[in-house]
Ligand code: HEM
């Protein structure tokens, strides 16, 4: 057993803006240094990053790795690397482990099953068609400003059964979640949870009401509202970013007809995963991973982007949506949204093209464990 290589000069967590065709070199550098590497993390503590698929999959199903921030190192800098509240203070899918997590998953899972989501296909295509038609005024339109944020949020609010007039306020709150101004994130969480609560009060027969019924009367309203916040936030931010890259690839790919739409979506998600890292995990006890010793209380991330872009990756299921008990609950929905938008572009806007050279497209990230997003994507929908 040995220590992980310490890469003291690498920083994959910094805010960055780069050209779309210039991949972030830090993921390849970490992968080349070994299956587990140690970096100076944004939380002020070391972070162990897993860069190889096999140990990553083992960790994602290993109960010695907890998602509960109560196990974070005591000196963690929450402003530089925000963590959710502890599972004791605010139970959630993303912070609970073991049986309490499994019970909460059981309440959610049927509402997001492949069958249930397939049944929404026509509705999701309709929303994509309507929103794209709305932004098309014959002039170049920045789809990142006018469409990619609004579409996933509209789909979520619709599926949850919340009133559509919540979309603008929910969109503004999602943007505040990315702010580095102290207090903005907590404020945005409160806003989104409050919107979900007011939407539920105004009736509606969607996933929100069904989740409330499945959770039962013992679940405090505060917890229900937080679960709804989690769905809106996790589903909006990721799909917004993915849409930009997927549409850009669709409009610029020289061989779109040789790849099916689902294949193109999978390819782009591997190159530009909206979650380049998993969420934080912490060891509850000393653990050895791929021959490397990790102490108790170690902060651990899986490098989803590095693993997915490994030239040695043999294909098959990838880790874009995670794996194990915390596998993304919205994976089916996200794939439906992404394929629906490309299908509508193909059928309704067959001559759509970028209004700027592809080399001008830039992406940026606020840093931390957040993925990147195209800054702008001016498109002429009907040239
Ligand atoms: C392209 C879009 C998406 C990507 C790439 C993505 C990626 C991920 C990943 C990697 C995880 C696992 C994180 C970890 O294990 O630490 C996750 C979990 C989760 N995702 Fe997604 N996601 C996407 C869309 C969605 C959507 C549309 C929803 C909403 C319905 C959603 C809701 C969630 C939730 C609630 C979890 C936590 C599940 C749990 O911990 O049990 N995601 N997602």
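The values are calculated or read from the model by the stated rules, or taken from the named source; none is laboratory data. From a predicted model like this one, the values you see are computed outputs, not experimental measurements. Neighbour counts run over all protein chains shown; Cβ positions are idealised from the backbone, glycine included.
Test residue 297 against the stated conditions and say whether it is within 27 Å of residue 281 (Cβ to Cβ) and within 11 Å of the ligand (Cβ to nearest atom). Break it down into steps so the answer makes sense when it comes.
Values: within 27 Å of residue 281 (Cβ to Cβ): yes; within 11 Å of the ligand (Cβ to nearest atom): no.
No: the conditions fail for residue 297.
For the range 247-283, a residue qualifies if it is surrounded by 20 or more Cβ atoms within 10 Å (Cβ to Cβ) and not in a helix (DSSP H, G or I), and the qualifying residues are 272, 273, 274, 275, 276, 277, 278, 280, 281, 282, 283.
Is it the case that residue 343 is more than 16 Å from the ligand (Cβ to nearest atom), assigned to a helix (DSSP H, G or I), at negative phi and out of contact with any strand residue (DSSP E or B) (no Cβ under 9 Å at 6 or more places or on another chain)? Even if it seems obvious, please write down each step before you answer.
On the way: more than 16 Å from the ligand (Cβ to nearest atom): yes; assigned to a helix (DSSP H, G or I): yes; at negative phi: yes; out of contact with any strand residue (DSSP E or B) (no Cβ under 9 Å at 6 or more places or on another chain): yes.
So residue 343 passes the test.
Being more than 12 Å from the ligand (Cβ to nearest atom), under 30 Å from residue 305 (Cβ atoms) and either free of Cβ contacts under 8 Å to residues at least 24 places away in the same chain or surrounded by fewer than 20 Cβ atoms within 10 Å (Cβ to Cβ) (or both) narrows it down to one of 182, 217, so name that one. Quick ask: steps written out before the conclusion?
On the way: 217 fails: under 30 Å from residue 305 (Cβ atoms).
Just one listed residue meets the conditions, 182.
As a summary of the residue check, residue 329 satisfies the conditions (1) within 19 Å of the chain's Cα centre (by Cα); (2) modelled with pLDDT of 95 or more; (3) within 18 Å of residue 58 (Cα to Cα); (4) not in a strand (DSSP E or B) except for the one numbered (3). Evaluation of residue 74 against the conditions (1) without any contact (Cβ under 8 Å) to a residue 24 or more places away in the chain; (2) closer than 18 Å to residue 281 by Cα; (3) within 15 Å of the ligand (Cβ to nearest atom) shows that the sole unmet condition is (3).
Restricting 270, 281 to residues that are at pLDDT 95 or above, within 16 Å of the ligand (Cβ to nearest atom) and touching a helix residue (DSSP H, G or I) at 6+ places or on another chain (Cβ under 9 Å) narrows the list to 281.
Out of the residues in the range 140-164 that are out of contact with any helix residue (DSSP H, G or I) (no Cβ under 8 Å at 6 or more places or on another chain) and either farther than 23 Å from residue 360 by Cβ or modelled with pLDDT of 95 or more (or both), state the one that is farthest from the ligand (Cβ to nearest atom). The selected residue is 140. Within the range 284-294, the set of residues being touching a helix residue (DSSP H, G or I) at 6+ places or on another chain (Cβ under 8 Å) and either assigned to a strand (DSSP E or B) or within 14 Å of the ligand (Cβ to nearest atom) (or both) comprises just one member, 289. Determine if the range 306-320 includes at least one residue that is closer than 20 Å to residue 22 by Cβ, away from the ligand (no atom under 16 Å from the Cβ) and modelled with pLDDT under 95. Yes - at least one qualifying residue is present in the range 306-320.
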